[in-house]
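Working notes, beginning with the structure itself.
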Amino acid sequence: MGRAQRVGILVFDGVKLLDVAGPSEVFSEANRFGADYEVTLYSADGRDVASSTGMRIGVDAAAADTGPLEIALVAGGDVFPTHPVSPELADAARLMAKQARRTASICTGAFILAAAGLLDGRRATTHWQHARTLARAHPAIEVAPDAIYVEDGPIFSSAGVTAGIDLALALVERDHGAGLARDVARSLVVFLQRPGGQSQFSPSLRSALPRTSPLRQLCDTIAASPAGDYSLASLAAMANLSPRHLTRLFHDELKTTPARYVELIRFDTAKDLLDAGHSVTDTALRSGYGSPETLRRAFIQHLGVSPRAYQQRFRSAIRK
């Protein structure tokens, strides 16, 4: 075998435990299928750290002592962006990046890379809740707020928490091919793989829950039975409101129209059904699209792929 591919993970007090454990498990599992990753943990000063859960994390060395790395991975934590990145932590990230062929961040680890100047002039992402903050604080970065992960040259960044697993799988696939990465994903019972551009969260979840009781009950009804008749007139009758009043409520509280909301719920439902292994025809009927062709047009519009292509790439189980 050749030389091990060294992966260095930068940790700190308050680091999100899953940001460290998730990618580490991917690389470790990849070794079971023929890869040869060597995962090492570093902190700015070489001292052990306490994770977000309070669990202690043993550190192997200081960031200044990494030596050559295949991948420098910077984890995130809830301390960012509410607290500034310390100069010591930014320096540690910069030192590790200089030693690495590729550098990546998980979740709010993007704020550390940004503080180190490693994202200037590049596209990057972070947890969707903090994307605007990253963009405001670092205008030299082109922030992609809704991406699972972003690749810009040798720099990778990923969204919140479990997106670090997606990113690690993508790195494994680049190193060892889709077959090995697929074996890792199956062993860990995760998707292989959400592409970097796929939404971090379902479209219907982008708005807050409605405040008014009639609207919330209506939304619950749509979610429970997305294939129902939800024309504006029908929805207004269900809520005992005028169509104009109902439209205004949707606009004020959900920042969308009734028709658009129904479409998002149906689209989410269709994705869930395809993920569960339902056929395209069954999915179209159950989700309220009616026909496979209407469902196909919706998927092309939202994701740029057909329902069948989506299912082949993202499904989690096959219905026998």
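Using a Gaussian network for the chain with springs between C-alpha atoms less than 10 Å apart, which of these wobbles most: LEU169, LEU73, LEU118?
LEU118
Just check the chain against the gyration tensor rule for me: Cα atoms, a ≥ b ≥ c as the square roots of the eigenvalues, rounded for a/c under 1.5, and otherwise prolate or oblate depending on whether a/b exceeds b/c.
Because a/c hits 1.5 or more and a/b exceeds b/c, the chain counts as prolate.
Could you tell me whether the stretch 1-63 comes out rounded, prolate or oblate from its Cα gyration tensor? Rule is a ≥ b ≥ c as square roots of the eigenvalues, rounded for a/c under 1.5, then prolate if a/b exceeds b/c, otherwise oblate.
Judged from the Cα gyration tensor, the stretch 1-63 comes out oblate (a/c at least 1.5, b/c at or above a/b).
Report, in debye and to the nearest 20, how large the dipole of the chain comes out about its Cα centre when Lys and Arg carry +1 and Asp and Glu carry -1 on their Cβ.
In debye, rounded to 20, the chain gives about 1060.
For a quick check: with amide H placed at 1.01 Å from N, whose amide H comes under 5 Å from GLY14's, ignoring anything fewer than 5 positions away on the same chain?
Those lying under 5 Å, H to H, from GLY14 are ALA50, SER51, SER52.
Output the 0 to 90 degree angle, nearest 10, between the alpha-carbon long axis of helix 243-254 and the longest principal axis computed from the alpha carbons of the chain.
The answer is roughly 10 degrees.
Compute the angle between helix 258-275 and the longest alpha-carbon principal axis of the chain, please, reported from 0 to 90 degrees and rounded to the nearest 10.
Value to nearest ten degrees: 60.
Rounded if a/c is under 1.5, else prolate if a/b is larger than b/c, else oblate: which is the stretch 36-140, with a ≥ b ≥ c the root eigenvalues of its Cα gyration tensor?
Oblate, because a/c is 1.5 or more while a/b does not exceed b/c.
Using a 1.4 angstrom probe on the protein heavy atoms only, line up VAL184, VAL143, VAL39 by accessible area, largest first.
The residues order as VAL39, VAL143, VAL184, largest area first.
Keeping all protein chains in place, calculate the accessible area per residue for the stretch 16-166 (probe 1.4 angstrom), answer in Å².
On a per-residue basis, the stretch 16-166 sits at 42 Å².
Which ³J(HN,Hα) values in Hz, rounded to whole numbers, follow from the phi angles of the stretch 130-136 under the Karplus curve 6.51 cos²θ - 1.76 cosθ + 1.60, where θ = phi - 60° and Gly and Pro get x?
Result, ordered by residue: 10, 4, 5, 4, 4, 5, 5 Hz.
For the chain, with the dipole built from +1 on Lys and Arg beta-carbon atoms and -1 on Asp and Glu ones, taken about the Cα centre, which of TYR310, ALA63, ALA50 lies farthest toward the positive end?
Among TYR310, ALA63, ALA50, the one farthest towards the positive end of the dipole of the chain is TYR310.
Explain nothing, just the number: relative contact order of the stretch 38-156, from Cα pairs under 8 Å at least 6 residues apart, as a whole percent.
RCO, the stretch 38-156: 20 percent.
Would you work out what percent of the accessible area of the chain, with all protein chains in place, is carbon or sulfur (probe 1.4 Å)?
51
To the nearest 20 debye, what is the magnitude of the charge dipole of the stretch 224-320 about its Cα centre, counting +1 on the Cβ of each Lys and Arg and -1 on the Cβ of each Asp and Glu?
320
The values are calculated or read from the model by the stated rules, or taken from the named source; none is laboratory data. Treat the numbers as computed from the prediction; the structure is a model and nothing was measured. Backbone-built Cβ (ideal geometry, glycine too); neighbour counts: all protein chains shown. With ligands, DNA and RNA removed, areas are computed over all heavy atoms of the protein, side chains included. Shrake-Rupley method; radii C 1.70, N 1.55, O 1.52, S 1.80 Å.
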